Amino acid sequence: MKTTAYFRDVVVQKHPGIEEEWIQRVMAEPLEQRRQADGRYALWGLVPEVQNRALRVITLEDRETVHNAFFDRGFLKARNRSKTSPPAERPEP
C-alpha cells in the first residue's frame, strides 16, 4: 500500500488501531466516495470488525496513495439523514 509521509509519521501514531486490511478494503469497494476540492478522494466503508464503524480513507489524486484514515463518527448519521429527509419544497413560480 502506497502512503504519504504524513500517513506514516502522523496518522499511524494517532490512529494505531486502524488496520491496513481495512483501508485496502475501503479503497477496493467504497460505500461512498467524493472528490474533494483539493483533488484528493474521500472514500468511506464500514468495518464489521469494529461494530460496523465507518472508516474514511483520504487518498491523493491517484486514488492509490493513502494520505489519511480515521473513523468518521458523523458519516452514518448524515447518510441516514439524507435518505430519510423529504425532498426540499420548491417555491411556486
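Each value in this text was obtained by applying a stated rule to the coordinates, not by laboratory testing. If you're wondering where the values come from, they're calculated on a predicted model, not measured in any experiment.
Descriptive notes on the structure:
- Based on the convex hull around the alpha carbon atoms, the stretch 2-83 presents an average projected area of 5.5 nm².
- Alpha-carbon centroids, the stretch 1-21 and the stretch 56-79: separation in whole Å: 12 Å
- Our estimate of slack between ARG73 and GLN36, defined as 0.36 nm per intervening residue step minus the Cα-Cα distance, is 11.4 nm.
- Cα-based helix-to-principal-axis angle, 75-84 vs the chain, degrees rounded to 10: 20 degrees
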